[in-house]
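*Asks:* Have a look at this one.
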Amino acid sequence: MVELTAVVLGGVLLARQPRPALAEVVAAVVLVLAGVAHAEIALGVERARRRIAHGNIVDLSSIWTFAAVIVLPAFDAGLVAALVYGYFWVRAWRLRTRLYRQLFSMSTVVLACFAGSAVLHYVIGPGSLIDAAPAVVLPGVLLAIVVYTCVNTCLVAGAIALSSREASVSTMFASWDENMLELATLCLGALTGAALLINPLLALGVVPPLVVLHRAALVRQLEKAANTDAKTGLLTIAAWYRSVEAIFRRGAGRGPRPTAVLVVDLDHFKSINDTYGHLAGDHVLTAAAHAVGAEVRSDDLVGRFGGEEFVVLLTADDRAGPVADAVDVAERIRRRIGDLRVEIATPDGPLTVSTVSASVGVSVVGPGPLTQVSALIHAADAALFVAKRAGRNQVRLAGPAEVVRDPAPHNGAA
């Protein structure tokens, strides 16, 4: 439907559009060539980004498609978008993006170009930005960016929502970082379009900084991939330790203070793997990770401790009763995991795993100097062992003697 709409609307626009001027033809050729140069220079980076990506990512080709919106009539802008996207698919995306998905993505961008161009020329009037009144140029460009983004994003989000019952908001609309990258790319596209109106060759000067931006996006993706557990989406234990140690080094009075550590272990997880298979076990592990994350605050840190264990650092700006609060959070996590009903598709039909429970060990940071991270984990792990010995599916709090404290910090006085 989206592809057909793009074709029909493109035909209508072509029929109503006058013969393009030489300057418009030159601008279109320059944009396509610049897009091709961008694809070739960033080929390795783009393939790497696609290889490690989970979910939607920004491909940065919007700089050329939105520049076309700025300088070309609607149909020509859509044609440039189709050519640039087609070349990117052939060179960089073909191995990881099926043709029908690429046609859909291309169609959403073409429709976004049509919509952005219509809004831009509605605001600034007929002609180019150079001919428009200065007072309407910036509002017109900003409104075109908003409309372009909304059309493209909403079409993609709608397709994801229709194709997957389990689609979340983050899956449909990509991450905050990716959306900010798209906005930056569109702004660069507007500047590229303005440069084209002055001298078409100026647009080629955008390629080097764009390649640098592309590499920066890859570095960010690699960093995120290194810090994120592939099965659960939580922090890896190494990343969790680094983040927690940074909070402890920061000390009190500079952001949320750490109050407790929880160690959560799924009970009889091996029997789930043995009974239902390891694929079912992975689904249960992911569901449990989401359950843990749903019961803590955004400032708290959740990581995968290893195997079927998770570790949580609770923090607060001003938490009056850290012991009661930590136990309450641990109980909520235990109950939520116990309520899980994990549905798994199998060749014999859907399978529901409902025999999930968890034991939780809790260690609390007392008043005074901050406790060593390793001491808190050791105490929480000991409390978890007590919960396991007592019959599982329960919460146990570490006693004060189990938590080893740092000596008071030396103030430098002799």
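*Asks:* Within region 322-391, which strands (runs of 3 or more DSSP E) (wholly inside it) include 1 or more residues that are exposed (fewer than 15 other Cβ atoms within 10 Å of the Cβ) and not aliphatic (A, V, I, L, M)?
*Replies:* 342-346, 349-353
*Asks:* Another question about this same structure. Just to verify a result, which residue in region 100-124, among those that are in contact (Cβ under 8 Å) with a residue 40 or more places away in the chain and under 15 Å from V12 (Cα atoms), is surrounded by the fewest Cβ atoms within 10 Å (Cβ to Cβ)?
*Replies:* Among those residues, the one meeting the criterion is A118.
*Asks:* Going through region 140-163 one residue at a time, which ones are small (G, A, S), surrounded by 14 or more Cβ atoms within 10 Å (Cβ to Cβ) and more than 19 Å from E178 (Cβ to Cβ)?
*Replies:* Listed by number, the residues that qualify are G140, A144.
*Asks:* For A135, state whether it is without any contact (Cβ under 8 Å) to a residue 60 or more places away in the chain, within 22 Å of the chain's Cα centre (by Cα) and either surrounded by fewer than 18 Cβ atoms within 10 Å (Cβ to Cβ) or within 27 Å of F104 (Cβ to Cβ) (or both).
*Replies:* For A135, the condition - without any contact (Cβ under 8 Å) to a residue 60 or more places away in the chain, within 22 Å of the chain's Cα centre (by Cα) and either surrounded by fewer than 18 Cβ atoms within 10 Å (Cβ to Cβ) or within 27 Å of F104 (Cβ to Cβ) (or both) - is not met.
*Asks:* In region 291-312, what count of residues is obtained for those that are under 20 Å from K270 (Cα atoms) and without any contact (Cβ under 8 Å) to a residue 40 or more places away in the chain?
*Replies:* 1
*Asks:* Within region 263-298, track down each residue that is exposed (fewer than 14 other Cβ atoms within 10 Å of the Cβ) and either of a type in the set (V, I, T) or under 25 Å from the mean Cα position of the chain (by Cα) (or both).
*Replies:* T275, L279, A294, R297, S298
*Asks:* When you go through P258, P209 one by one, which is the residue that is under 30 Å from A48 (Cα atoms) and either assigned by TED's automatic domain parsing to the domain that holds H378 or modelled with pLDDT under 85 (or both)?
*Replies:* Within the list P258, P209, the selection yields P209.
*Asks:* Are there any pairs with C-beta distances below 8 angstrom linking a residue in region 67-87 that is in the same structural domain as A118 (by TED's automatic domain parsing) to a residue that is of a type in the set (D, E) and modelled with pLDDT of 90 or more, with the two at least 6 apart or on different chains, and if so which?
*Replies:* Hits for this filter: A68/D76.
*Asks:* For T228, are the conditions met, namely being more than 30 Å from L129 (Cβ to Cβ), at pLDDT 85 or above, surrounded by fewer than 19 Cβ atoms within 10 Å (Cβ to Cβ) and touching a strand residue (DSSP E or B) at 6+ places or on another chain (Cβ under 8 Å)?
*Replies:* Taking the combined requirement at face value, the residue satisfies it.
*Asks:* Related question: Sort out which residues of region 202-250 are free of Cβ contacts under 8 Å to residues at least 40 places away in the same chain, under 30 Å from T286 (Cβ atoms) and among the charged types (D, E, K, R), and write them in order of number.
*Replies:* If the condition is that a residue be free of Cβ contacts under 8 Å to residues at least 40 places away in the same chain, under 30 Å from T286 (Cβ atoms) and among the charged types (D, E, K, R), then E223, K224, R242 are the ones that fit.
*Asks:* Do you know which residues across region 266-275 are of a type outside the set (D, E) and either touching a helix residue (DSSP H, G or I) at 6+ places or on another chain (Cβ under 8 Å) or without any contact (Cβ under 8 Å) to a residue 40 or more places away in the chain (or both)?
*Replies:* Passing the criteria: L266, F269, K270, S271, I272, N273, T275.
*Asks:* Separate question: Of all the helices (runs of 4 or more DSSP H) wholly in region 1-83, which have at least 3 residues that are at negative phi and modelled with pLDDT of 85 or more?
*Replies:* By residue number, 2-16, 22-41, 62-71.
The values are calculated or read from the model by the stated rules, or taken from the named source; none is laboratory data. Everything numeric in this text was worked out from a predicted model, so none of it was measured. So basically every Cβ, Gly included, is an ideal-geometry build from the backbone, and we count neighbours across all protein chains shown.
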